[in-house]
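Here the structure is laid out as structure tokens; the discussion comes afterwards.
Rule-based calculations on the coordinates, nothing more; no lab input. The shown structure was predicted, so the numbers you read here are calculated from the model rather than taken from an experiment. Glycine also receives a Cβ, built like all others from the backbone with ideal geometry; neighbour counts cover every protein chain displayed.
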Amino acid sequence: MSDVEPAAARAAQPLSKRTARIIGQVGAPRLIATVLILLVAVLIARFSWQVPLISDAERALYDVRLMLTTPRVEQDSRILLVTYTDDTLINTQVRSPLDRRILADALRNLDAMGAKAIAIDVIVDQPTPNDDHLVDAFRAMKTPTYLAFTSAATNGRFIEQRQEDFLRAFQDKIRTTSVHPTSIEIETDNDGVVRNWPKQPKTLPPLLARAVTGAHDSFDDYHRGVRFRLPAFQDRPVFAKLPIDLLANPETAPLMAEQVKGRYVLIGGDLLDLDLFETPMKKITGERTIGLEVHAAMLAQLLDGVQYGGIPPGSTWAVALLVIVAGTLTALLDARPWKMAVLMVGQAVFFVLLPFYLQWQGTDTQYLPAFGWGIGWLLAYSSVSAAARAVGSQQRRFAQSALGKYLPRDIASEILRDPDRLALHGEKREIFVVFTDLEGFTKLSHAIPPETVAFLLNKYLDTLSETVLRYGGTIDKFVGDAVVAFWGAPISRPDDGERAARAAWAMYEAGEAFRKDVPEGVPAIGRTRVGLHWGEAIVGNFGGEGRIQYTALGDSMNTAARLESANKPLNTKVLASRAAVERSGLDWWRPLGRITLRGRSTPVEIFEPVPEATAEERSYLAQLLERIDQGDEAAFDELESLAVTNVRDAALANLVYRLQHIEPGGSYDLG
């Protein structure tokens, strides 16, 4: 180990010398690869909005930023939405095209109520029997009124040339000094979400929001974000909404006069399956937005004169380079872990909060590559870190390769800092052992191609391994589709019991998620069964020269395996011994009596985690079992009633069955 450089010397070495040493020792191939990765990192940090998949993440982050910086407002008193609803369709018995008589009646009534302007988001692109009635209504309008127009050239998916011809002819019929066409274009991104004002080609009349305000504004070439707003109160939406039926009825229309006077009135559909758009608001409301409300949002934005500013030219390149430099320098530093943590958190906070701050200040952060920054930073940090590690000491490389596959990150890091903490011989330790098995996988493997078996098994084991490491466990081994893991070695922690218990339940849940997400054509996969036990074991590196395995040996391993196997006859999912339960620090366990495991003579008290049960339910079952152990027949009757009440609880029914076949205080033999 004479070639191992002391940690103190490395820490004291200036950054410039450390960088020069790494460049000099890393080797030409790795150096070239690192430079290429850094170039890729810069490009991703700059152009992530143009990269497939990454662009989806960028859009999602933008939506989150937009909604978290969106103001919550009182109801907008300037705009009123008048809508065809599903009840309207039922009442008129007309669905497509929408009933035009009710529109004509509503227009006549609205014209007398003092609306500031009226815009109609309804395409009149085919004849109906009520067209003359509607034409008369339009021609009599004194209120500035705008009827929807679109063209086959700009909206070819929804309108054909013959429909456009009819629409143009109808617009000519109704055109007066008060009635004009308006564009009702709405533009969605590649993911189908409305985020921006649409482009406004000169071949179309002014956009609805601009038309009703006279089109004398600075929004004619605005193509950045729509300002969506959220209601201050859940029961008062941002825009008031009335069904068109009320305004078409001469008896009810006058009652709505105060809600119409002086407002911009937008008429359109609010139907279950028509003209619905996804907007960033869906992330909060969970609902799609009608097209009419999108136009209302643009109109309110125009009335308030709110235009999001653009990102200054060149700034995205500058920040992309800054991100890569930050990742590179962070990787080259050889500071203490807490200092590195502070530095990384500080960088993360800065690069995460910067887009939020800009959006909050009124800059449209669309196309700001925030997610790309993270990927670029990680690429830079990872590639430079890899180069730095490549010139590290032999001891560090050995520890990395020996531990990284089966130890959680914090334990591996601690051993890398202090390798003497890892016993290279066997030592007696108290550990928590988890043993899992995938029900029916062996049989399934004979029914599907070997390639599919390999794919499914690797995916399953990878999922469970991630779960073990997430809860700080050590992966002992894989035995077919079974996973063996333990807590308490090579380094023990005070909360190992809780970690192991939570991991056992999480592994079961991960198995349930796995079995629901199998490729088509694969037969049903059984559930994951889990056993948890606490006890002594001999832990260390075992094997011969040139091949060793870090593992645990002892009766506690066998007991965990037998507890896992006991799930099948007991109709349970996760079983734990009392020894493990008492040291878990959790109160989610319910007792399931005593059993004698196969090949054993000593009874084991078993418990099952039921996080969904209340403390009262778990306590009641425990009290019943205590009374049954004392020979209380009434308690057994209560238990039977409880099982009948919870007819889907197979484990509880199995408990009743076992208690019927043993004496009070006895143990059911699984022999």
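Observations, loosely collected:
- Burial ordering of 62, 308, fewest other beta-carbon atoms within 10 Å first: 308, 62
- Of the trypsin sites (Lys or Arg not before Pro) found in the range 447-540, the ones in coil according to DSSP and having at most 12 other Cβ atoms within 10 Å of their Cβ are 516.
- Working from the Cα coordinates of the range 140-236, the gyration tensor eigenvalues give, after taking √(5λ), semi-axes of 25, 19, 14 Å in decreasing order.
- Relative contact order (%) - criterion: Cα under 8 Å, at least six apart; region: the range 132-265: 19 percent
- Cα-centred dipole magnitude for the range 73-304, charges only on beta-carbon of K, R (+1) and D, E (-1), debye, nearest 20: 560 debye
- An ellipsoid equivalent to the range 424-669, defined through the eigenvalues of its Cα gyration tensor, has semi-axes of 32, 23, 16 Å when rounded to whole angstrom and sorted largest first.
- Sorted by Cβ neighbour density within 10 Å, fewest at the top, the residues 492, 218, 577: 218, 492, 577
- At 0.890 mPa s and 25 °C, Stokes D of the chain from Kirkwood alpha-carbon radius, µm² per second: 78 µm²/s
- Computed over the chain: relative contact order in percent, which uses C-alpha pairs under 8 Å that are six or more apart: 13 percent
- Counting neighbouring Cβ atoms within 10 Å and putting the fewest first, the residues 462, 273, 131 line up as 273, 462, 131.
- The chain: DSSP helices with Cα axial extent of at least 24 Å and average Kyte-Doolittle hydropathy no lower than 0.0: 28-47, 315-332, 337-360, 370-390, 450-470
- When the chain is described by a simple charge dipole with +1 on each Lys and Arg Cβ and -1 on each Asp and Glu Cβ, the residue from 664, 651, 609 located farthest towards its positive end is 609.
- Here the mean projected area of the convex hull built on the C-alpha positions of the range 73-304 is 12.2 nm².
- Placed amide H near residue 240: partners under 5 Å, 5+ positions off or other chain: 76, 81
- Summing Cβ point charges (Lys, Arg +1; Asp, Glu -1) relative to the Cα centre of the chain gives a dipole of roughly 2640 debye.
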